[in-house]
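Below is one structure, written out as structure tokens; the observations come after it.
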């Protein structure tokens, strides 16, 4: 799906996380996405070049960088979200709302979430 959209999955995850959480450190992104810090640096470099994020020094710890999503990053995330929603609708068109709920719940369970997380 993301290959067809021309949007790397990690990039979309980062934009989504930034839009939900606000300013965060590169280390927090590495921990959240479960990727190496050096990979985060490459990802942030590319996204900063595209105008999707800004990177500034943390005012409380000059060794760290804070990441923020830009207006262009939000537009990219929203456009990707809309395309994913449309593709999901096509994929799940034959399922009833109840069946979709069951599929969602069981998928999360298979990924390790328990009932309290759902």
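Numbers for the structure displayed
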item	result
One residue from 4, 48 being modelled with pLDDT under 90, surrounded by fewer than 16 Cβ atoms within 10 Å (Cβ to Cβ) and at negative phi	4
Selection status of residue 32, surrounded by 12 or more Cβ atoms within 10 Å (Cβ to Cβ), in a helix (DSSP H, G or I) and at pLDDT 90 or above	no
Matching residues in the stretch 76-110 - criterion: being under 29 Å from residue 29 (Cβ atoms) and surrounded by 13 or more Cβ atoms within 10 Å (Cβ to Cβ)	76, 77, 80, 81, 83, 84, 87, 105, 108, 109
Test: residue in the stretch 89-103 that is farther than 30 Å from residue 115 by Cβ and without any contact (Cβ under 8 Å) to a residue 24 or more places away in the chain	no
Any hit, the stretch 46-66, residues being touching a residue at least 40 places away in the same chain (Cβ under 8 Å), part of a loop (DSSP other than H, G, I, E, B) and touching a helix residue (DSSP H, G or I) at 6+ places or on another chain (Cβ under 8 Å)	yes
Residue 22 vs. criteria surrounded by fewer than 16 Cβ atoms within 10 Å (Cβ to Cβ), at pLDDT below 90 and over 30 Å from residue 103 (Cα atoms)	yes
Tally of residues being within 17 Å of residue 7 (Cβ to Cβ) and over 14 Å from the mean Cα position of the chain (by Cα) across the stretch 40-69	7
Hey, residue 15 surrounded by 14 or more Cβ atoms within 10 Å (Cβ to Cβ), under 23 Å from residue 104 (Cβ atoms) and touching a strand residue (DSSP E or B) at 6+ places or on another chain (Cβ under 8 Å) or not	yes
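Residue-wise test of (1) part of a loop (DSSP other than H, G, I, E, B); (2) on the phi < 0 side of the Ramachandran plot; (3) at pLDDT below 95; (4) touching a helix residue (DSSP H, G or I) at 6+ places or on another chain (Cβ under 6 Å).
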position	(1), (2), (3), (4)
68	no, yes, yes, no
94	yes, yes, no, no
101	no, yes, yes, no
112	yes, no, yes, no
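The values are calculated or read from the model by the stated rules, or taken from the named source; none is laboratory data. Note that the coordinates shown come from a computational prediction; the quantities given were computed from them, not determined experimentally. Because the Cβ atoms are built from the backbone with ideal geometry, glycine has one as well, and the counts that use them run over all protein chains shown.
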